[in-house]
Structure formats: C-alpha cells, structure tokens
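In what follows, a single structure is set out as structure tokens and then discussed.
The values are calculated or read from the model by the stated rules, or taken from the named source; none is laboratory data. Keep in mind that this is a model prediction, so the values were computed, not measured. Here the Cβ is made from the backbone with ideal geometry for all residues, glycine too, and neighbour counts use every protein chain on show.
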Amino acid sequence: MSEIWLATGEATVLAADGQYTDAMPEVMIGNVKGPVGHAFASMAGQVAGHPRMFVIRDLNQQVRPATMMTTKMTVKSEGYVELLGGVVQAATGDAIIDCVAEGILPKAGLSELCMVIMVWLDPRCATDENLDRKDLYRTNYEATKLAISRAIKGEPTIDELIKNRKSVSHYALEGVFEV
C-alpha cells in the first residue's frame, strides 16, 4: 500500500530567449483512497475555460500513476487547447513515465497512487507565429519532473525556507520594496 497521502511540489523552468514557453506546473500526489484521490475523482467532467484531461503520452497510452491535468488560468482559444492537449500533455506524460523509470516515483504500489497536475501556458503561445514547440516541450518536461521530485522529497524543506527567508523573495516584489 502506498504511504503517500498528500505530497505537493512545484517548479518553474524558464523559456528560451524570445519565447513564451515558461512552464510552472503544480503537482499533488497521493493515494487513490486519500485526499488526492478524492480531488482526482471530483475532476471528472469539464468546467468552462478549464479543460481537464487524463495525461496520455499518445493515443491509447495513458500514464501511470493515473494523472489528471488542468489549467491554472482560463482557456480562451482553440489554439491554446491544441497546445495544452498536444505538446504540453506529451511532455507531462513523458516526464511522469521517466520519473517512474528513474525511481523518483515508486513503481511498487503505483496503482494506488494518482496525481493532479495544474499547468500554466502563456496565452501568447497560441498566437505566436514563431512558437518553438521543442522549447515548449522542454520546459514542461523539465518542470514536471522537477515538481514531482520535489513533491516526493518534500522540497524545499522548512529549514531551507527559513534559511533563505531574507535572501530569496518573490520575483514580483523585485524593486517594489525590500523584504
């Protein structure tokens, strides 16, 4: 039986110069009988502007552990949905499978786990004529693996957060005031 009841992680991987392909997934991992399992099950069906989908690597290739992906912002275009259900979903799926293959996620008891991954995709991606889909894949793949790893390891630890409290601040506060 899986001992993971609720683990959370997040990561940011920045885009290549001139791209809007930053990736910022937030991950919840847990037992199908626990709070993550309940959240997972309650996500069945759609909500206007926030598509929800099983993560698949390709047709007929749903990842394990079962993972539900949704957006952190309202989707307003078909182009956005295409990128989300295409490149972003493929990168997310590949990252999950590689996490299992590399031992980041435990292979034993995998059927008892599920994940919810909330993704952000810059709306400008959908209309960018010069969108680098390889960079969009790269950022989402790397960020998903990192977020899952952080969730499993419990990173950052509270000791790290306390140690860095005065040296690390939210990027949005830069130049606003001293923390």
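Per-structure values
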| read-out | value |
| --- | --- |
| From the options ALA95, ALA143, ALA126, ALA147, residue that is in contact with a Gly (Cβ under 6 Å, 6 or more places away or on another chain), small (Gly, Ala, Ser) and at pLDDT 95 or above | ALA147 |
| Close pairs (8 angstrom Cβ cut-off, 6 or more residues apart or separate chains): farther than 18 Å from VAL27 by Cα in region 124-152, in a loop (DSSP other than H, G, I, E, B) and among the aromatic types (Phe, Trp, Tyr) anywhere | ARG124/TYR20; CYS125/TYR20; ASP128/TYR20; LEU131/TYR20 |
| Which numbered condition CYS114 misses (of (1) free of Cβ contacts under 8 Å to residues at least 40 places away in the same chain; (2) crowded, with 22+ Cβ neighbours inside 10 Å) | (1) |
| Close pairs (7 angstrom Cβ cut-off, 6 or more residues apart or separate chains): modelled with pLDDT of 90 or more and crowded, with 17+ Cβ neighbours inside 10 Å in region 56-80, among the basic types (Lys, Arg) and part of a loop (DSSP other than H, G, I, E, B) anywhere | VAL63/ARG57 |
| Flag for ASP17 being acidic (Asp, Glu), more than 12 Å from MET118 (Cβ to Cβ) and over 15 Å from the mean Cα position of the chain (by Cα) | yes |
| Of the criteria (1) out of contact with any helix residue (DSSP H, G or I) (no Cβ under 9 Å at 6 or more places or on another chain); (2) under 21 Å from SER111 (Cβ atoms), which one VAL27 fails | (1) |
| Extreme residue, farthest from GLY154 (Cα to Cα), among residues of region 26-85 that are under 16 Å from the mean Cα position of the chain (by Cα) and among the aromatic types (Phe, Trp, Tyr) | PHE54 |
| Any hit, region 16-28, residues being under 25 Å from THR127 (Cβ atoms), modelled with pLDDT under 95, touching a His at 6+ places or on another chain (Cβ under 9 Å) and surrounded by 15 or more Cβ atoms within 10 Å (Cβ to Cβ) | no |
| Count - residues of region 11-68 that are of a type in the set (D, E, K, R) and over 17 Å from ASP94 (Cβ atoms) | 5 |
| The one condition in (1) in contact (Cβ under 8 Å) with a residue 24 or more places away in the chain; (2) surrounded by fewer than 17 Cβ atoms within 10 Å (Cβ to Cβ); (3) within 14 Å of LEU136 (Cβ to Cβ) that GLY86 fails to fulfil | (1) |
| Residues satisfying the stated conditions in region 86-132, i.e. closer than 22 Å to GLN19 by Cα and among the hydroxyl-bearing types (Ser, Thr, Tyr) | THR92, THR127 |
| Tally of residues being in contact (Cβ under 8 Å) with a residue 40 or more places away in the chain and either in a strand (DSSP E or B) or of a type in the set (Asp, Glu) (or both) across region 153-166 | 1 |
| GLU142 being within 14 Å of the chain's Cα centre (by Cα), surrounded by fewer than 20 Cβ atoms within 10 Å (Cβ to Cβ) and among the acidic types (Asp, Glu) | yes |
| Enumeration of residues in region 37-55 that are under 17 Å from THR71 (Cα atoms) and either touching a residue at least 12 places away in the same chain (Cβ under 8 Å) or crowded, with 19+ Cβ neighbours inside 10 Å (or both) | ALA39, PHE40, MET43, GLY49, HIS50, PRO51, ARG52, MET53, PHE54, VAL55 |
